[in-house]
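These notes concern the structure reproduced below.
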Amino acid sequence: MSTATRLTKLAEGLDSNGVLSAEKGGTGATTFSGGASTPSAVSDQANTSTGYFDLPVGTTGQRPASPGEGNFRINSTTSALEVYYLGFWTTIKSLGLSLATGGTSIATDGNYKVHTFTTGGNFVVSQSASAFEVLLVAGGGGGANDVGGGGGAGGLIYQSALELPVATYVIGVGAGGAGSGSTSGTASNGLNTTGFSLTAIGGGGGANYTGSGSVVTGATGGSGGGGVGYTWPSNGGAGTSGQGFLGGNGAGTTAGTGGGGGGATGAGANGISNNAGFAAGGAGFTSLISGTSTVYATGGKGGGDNWTGATSSTPNTGNGGDGQGLYGSGGDGAGGIVIIRYRFQ
């Protein structure tokens, strides 16, 4: 039987609502409401057509008054393919576009919605059709004191096409670690950022200069904190695989700087022999997800003894704080962020 003949017979089986409805009699024969047909016209037969299979399209209010089990149609109100089964209309698959609410701010970028979380909250997906682009960045680590290491950047997770079923998703955004003025240990690590069953790890704090001959390693984290410089140098801390890189080692000279904190796409620089300078932090991740080109998760600078340029990081970038020079406190790490982007029109 030709494809054209099968389609003609299928059309005969549509009811006044444009729905194909099948009833099986006691003999096992199948008839279709709206007209007679045969099973071979619509099932268990190869279809070699490269055209289309026509489905009825209508609003929720235009559903059949007396639907039969197995009726299926496209609902133009919910933009979904639905089937009537066990007495209920059930969505098989949402079609076309996604819809969601939640966030510290919501912006429009052309055909896309951009939800930004700088604090925790709920992201509520009410319709899931197109994939979601997602960026999670944890809080950056704090920078250390006196020839101290730079803070490691917060761990960064980027998903270009994440499938998110209809649900409520709890988002947590990590704060940045405080810069340190202490002569022991490391500056504070940043806190984790969470969402969609993903966890971005907070950046490691930079190593402080102790002045006592004890060696302090930069803290591990999403990206590792930089090691301390001067006469008792130390190594940078390790980063988390897939989220960031290790911190740089401190320079072991009287003019040596601390190492730079690790970044999302590169390790922190090792310390240099220039007590008025600094070691660069590891490179960050550049993204257009917000609609504007922005760099996230850059490592903090490792400070020299006479360097006074340490600063706290740009808010909600996950950058690490800078290490400081003589007797100064290091810069604070930046808080994290979560950004979700999807097509809505």
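Nothing in this text is a laboratory measurement; each read-out follows from the coordinates by a stated rule. Please read all numbers here as calculations on a predicted model, not as lab measurements. Here Cβ is always computed from backbone atoms with ideal geometry, including for glycine, and neighbour counts include all displayed protein chains.
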message = Compute the helix-to-body angle for 3-12: its Cα long axis versus the longest principal axis of the chain, expressed 0 to 90° and rounded to tens.
response = 70 degrees
query = Of [x] 1.47; [y] 1.18; [z] 0.97, which is the value of Cα Rg over 2.2 N^0.38 Å derived from the coordinates here?
reply = [x]
note = Net charge (Lys, Arg +1; Asp, Glu -1) of residues whose beta-carbon lies under 15 Å from that of Gly299, Gly299 excluded, is -1
remark   = The exposure ranking of Val215, Val137, Val125, Val338, fewest beta-carbon neighbours within 10 Å first, is Val215, Val125, Val338, Val137
note = Note on the stretch 249-342: alpha-carbon gyration tensor, axes a ≥ b ≥ c; rule is a/c under 1.5 for rounded, else prolate if a/b larger than b/c, else oblate; result prolate
query = Near Pro233, within a Cβ-to-Cβ distance under 15 Å, what is the net charge of the other residues, with Lys and Arg +1 and Asp and Glu -1?
reply = -2
remark   = When Ile106, Ile201, Ile272, Ile337 are ranked with the fewest other C-beta atoms within 10 Å first, the list becomes Ile106, Ile272, Ile201, Ile337
key: GNM result for the chain, Cα springs below 10 Å: residue of Asn122, Asn189, Asn145 fluctuating most strongly   = Asn122
remark   = Around Leu55 (Cβ within 11 Å, Cβ-to-Cβ, excluding Leu55; K/R +1, D/E -1) the net charge comes to -1
task = Sort Lys93, Lys113 so that the residue with the fewest other Cβ atoms within 10 Å of its own Cβ comes first and the one with the most comes last.
result = Lys93, Lys113
